[in-house]
Amino acid sequence: MSTPAVPGSSGLFTGFTKLCKGLAVVLIGGHILVQVFPAAVNYLALIPARTIPFAWNLLTAGYVEQSVYGVVVSTVGLLFVGKLLEPIWGSREFLKFIFIVNFLTSLCVFITAIALYYIMQEEIYLYFPVSGFYGILAGFLVGIKQIIPDQELPVLKLRAKWLPSLAVFVSIAVSFWTTGAATYLPTIIFGTYISWIYLRYWQRKPEAKLKGDPSDDFAFSTFFPELLRPVIDPVASVFHRLLCGRSESPNNAEDYTAGGTPLPGSDPIEASRRRERGARALEERLAAEKLAAARIAQESGRDATDSV
């Protein structure tokens with residue numbers, strides 16, 4: 001007698017993109033490499049004292065997981081979040097996002113470690129190996145926040161827009177009770193901020209000839225509770241002027257103009273359409289998975305009937 005398939009199991013574990021599968025192989029391969037040849041960590045992980053002349057570790061560190069837990073979490077996160085983001089962004093943009101966030105996150109960690117060494121005069125900041133995909137995973141959460149901010153997560157009973165903030169908060173809280181926080185905490189914090197900068201100011205939308213997402217729903221203060229936003233907004237505006245050379249009004253998009261001409265990425269309507277496309281893509285994927293599960297259950301029932 002045939003064993004009925006578990007409803008929903010097939011749809012849940014299908015639909016992974018070729019790019020995500022390839023990157024998953026890279027993560028698993030990197031983990032196996034450092035387990036078989038432990039000395040490889042000295043050349044692939046980010047060790048600030050050795051970044052010069054081994055500058056390539058600014059690129060390779062993000063793809064090297066030193067623990068089994070890390071490679072499992074990173075691979076699962078990449079596959080499942082990637083099959084939501086990549087169809088919306090496109091494979092080229094998805095890969096570009098990963099490359100830029102990974103490199104700039106590693107660069108920020110490197111600069112921070114050097115600064116801490118000069119301030120604290122402790123060599124541990126120079127020789128502690130930092131690596132892992134956590135910064136990019138944190139960036140994926142920011143992408144989810146941008147695309148489907150109001151989607152409620154059934155397990156956590158939480159809207160998707162709070163995922164990046166929750167990840168950073170939990171990471172900081174856990175760091176008080178663990179000794180290895182230096183391996184992931186700076187990466188998660190910088191990964192979250194760099195990915196927001198990229199999506200807010202740099203990501204290009206060729207089909208709309210726009211760049212970035214200036215919508216109020218994606219402002220930096222939206223990562224914080226309502227109570228703190230009046231304090232966060234003035235601070236965030238300073239960094240905004242440094243990045244863009246212009247100020248942002250929290251209530252309208254008029255400041256995204258120069259001489260009456262809209263600046264690239266200054267269309268709030270396009271930002272709204274982007275979120276609608278994200279929500280629609282998620283709904284279509286969920287519907288397809290339910291349909292596949294129903295079809296499998298029906299076929300399993302038919303097989304069971306035939307075998308009786």
Notebook entry, point to check: In Å², what does the accessible area per residue of segment 18-224 work out to with a 1.4 Å probe?
Noted result: 48 Å²
Next item on the list: Report the full-extension gain for the segment Lys21 to Val238: residue separation times 0.36 nm, less the Cα-Cα distance, to one decimal in nm.
Entry: 74.1 nm
Check: Which residues' amide hydrogens lie under 5 Å from the amide hydrogen of Leu210, considering only partners 5 or more residues apart or on another chain, with H built in the peptide plane?
Finding: Lys205
Checklist line | Additional length obtainable on full extension of the chain from Thr112 to Lys157, 0.36 nm per residue less Cα span | finding: 12.6 nm
Note to self: Using the basic label-point model (7 angstrom from Cα toward the beta carbon), what is the Ala55 to Val72 distance in nanometres?
What the structure shows: 3.9 nm
Notebook entry, point to check: Given the pairs Lys96/Lys157; Lys145/Lys211; Lys21/Lys157; Lys18/Lys157, which span a C-alpha to C-alpha distance of over 26 angstrom in this model?
Noted result: Lys96/Lys157; Lys21/Lys157; Lys18/Lys157
Check: When the accessible area of segment 18-224 is computed with all protein chains present and a 1.4 Å probe, what percentage of it is carbon and sulfur?
Finding: 71 percent
Note to self: For segment 18-224, what does the convex hull of the Cα positions come to per residue, in cubic angstrom?
What the structure shows: 135 Å³
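The values are calculated or read from the model by the stated rules, or taken from the named source; none is laboratory data. The model shown is predicted, which means the values in this text are computed figures rather than measured ones. Cβ atoms come from the backbone with ideal geometry, glycine included; neighbour counts cover every protein chain shown. When the accessible area is computed, the model is the full protein with side chains, heavy atoms only, and any ligands, DNA or RNA have been set aside. Shrake-Rupley method; radii C 1.70, N 1.55, O 1.52, S 1.80 Å.
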